[in-house]
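The values are calculated or read from the model by the stated rules, or taken from the named source; none is laboratory data. Because the structure is a prediction, the values reported are computed rather than measured. Don't worry about glycine lacking a Cβ; one is built from the backbone with ideal geometry, like all the others, and counts go over all protein chains shown. The accessibility values were calculated without ligands, DNA or RNA, using every heavy atom of the protein model including side chains. Shrake-Rupley method; radii C 1.70, N 1.55, O 1.52, S 1.80 Å.
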Amino acid sequence: MSEYSPLVSTQWLAMNIDNPNIKILDATWHLPNAGRNAKEEYANAHIKGASYFDIDEIADLNNPLHHSLPNDEKMASRVRSFGISNTNHVIVYDNSDASTAARVWFMFKNFGHENVSILDGGINKWTLEGNQTTNDITVTPSGHFIAKSKEENLRNLDQIMDNIDSQKEQVVDARASGRYNGTAPEPREGLKSGHIPGSLNVPFNQLLNEDRTYKTNEEIKDIFENSGVDLNKPIITSCGSGVTACVLLFALDQIGHKQKALYGGSWSEWGAHPDTPVVK
């Protein structure tokens, strides 16, 4: 690949899959009520050479919130176990409704690894085009990966509370409009319904085509702007548990938006806290 791109096509990967510098990760994840097992799906069929990146395990397991980011040491050790070094080009794909490849893309970026791309359309598009999958598990020598997290990429509950008054940053919620408006139930028990005061709503799936490829940059810009987002101002993305908010971050990255961050706790934290204000 002569020029680095954060979004690679299935055709490009098919042509470059044997490049030893490329490392492939399957980031598929499903909600507990989906009736699907991502690990079993990976074991049955995955792209050749791919390792399984478990966002439930590669996390801070001492934090009660879902998918809290791991510390530098844990991220580095898990990534090394996949044979990945800081010099490698990492390609991430998924086969999940939540487009979880974007979450793993964000994790690599957050821990200082810039050369990471998403496979546009994931494994579903890959197989529909006649490309082969395998159930062989690739065992590779440990890589040399150093992780260094970037605090500027993340926002916590206190910062979101302060931002309600200051409005220095726009909060954009990636959940479905029913959940944002408080007219549809939350999938997790015990959470309030509604949204963060002043936040805007861009459901993540609006940014994707039917085949789960990303829409064009012009379409992405229009979707954000038509939802009231000012693309000249900083943006914080939020969702249910910090996963689909990363689809928004990736789309913003595609259109060159620089000032962006993730509210990691998202609605799992905000909706459960007794003192957080909520708008319906």
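Rounded, prolate or oblate, given the Cα gyration tensor of region 24-134, with a/c below 1.5 counting as rounded? Oblate, because a/c is 1.5 or more while a/b does not exceed b/c. Using a cutoff of 8 angstrom between alpha carbon atoms and counting only pairs six or more residues apart, the relative contact order for the chain works out to 20 percent.
Remark on Leu200: its backbone amide H falls under 5 Å from those of Val171, Val172, Asp173, a criterion applied only to residues 5 or more positions apart or on other chains, H modelled at 1.01 Å from N. Ranking of Glu114, Glu151 by solvent-accessible surface, largest first: Glu151, Glu114 (1.4 Å probe, protein heavy atoms only, all chains present).
Listed by chain and number, the lysines placed with their C-alpha closer than 30 angstrom to that of Lys148 are Lys23, Lys39, Lys48, Lys74, Lys109, Lys168, Lys233, Lys258, Lys260; residues fewer than eight positions away on the same chain are left out. With the highest mean first, a sort of the peptides 122-134, 85-97 on other beta-carbon atoms found within 10 angstrom per residue produces 85-97, 122-134.
Computed with every protein chain present, the accessible area of Val139 is close to 130 Å² [probe 1.4 Å].
Largest accessible area first, the listed residues Met15, Met161 line up as Met15, Met161 when surface is computed with a 1.4 Å probe on the assembled protein chains. Per-residue packing, averaged as other Cβ atoms within 10 Å, sorts the ranges 175-187, 41-53 into the order 41-53, 175-187, beginning with the highest. Charging the Cβ of each Asp and Glu at -1 and of each Lys and Arg at +1, and nothing else, the dipole of the chain about its Cα centre rounds to 140 debye. Within the chain, DSSP assigns beta bridges of which about 10% are antiparallel (rounded to the nearest 5).
Excluding ligands, DNA and RNA, the accessible surface per residue across the chain is 47 Å² with a 1.4 Å probe. Couplings 3J(HN,Hα) of region 259-268, computed from phi: 8, 8, 8, 10, 7, x, x, 6, 6, 4 Hz, in residue order, whole Hz [Karplus 6.51 cos²θ - 1.76 cosθ + 1.60, θ = phi - 60°; x for Gly and Pro]. Based on the convex hull around the alpha carbon atoms, the chain presents an average projected area of 14.3 nm².
Only helices enter this figure: runs of n ≥ 4 DSSP H residues, each worth -39500 (n - 2.57), summed and divided by the residues of the chain, yield -8000 deg cm²/dmol at 222 nm to the nearest 500.
For Ser117, the residues 5 or more places off, or on other chains, whose built amide H falls under 5 Å of its own are Val90, Ile91, Val92.
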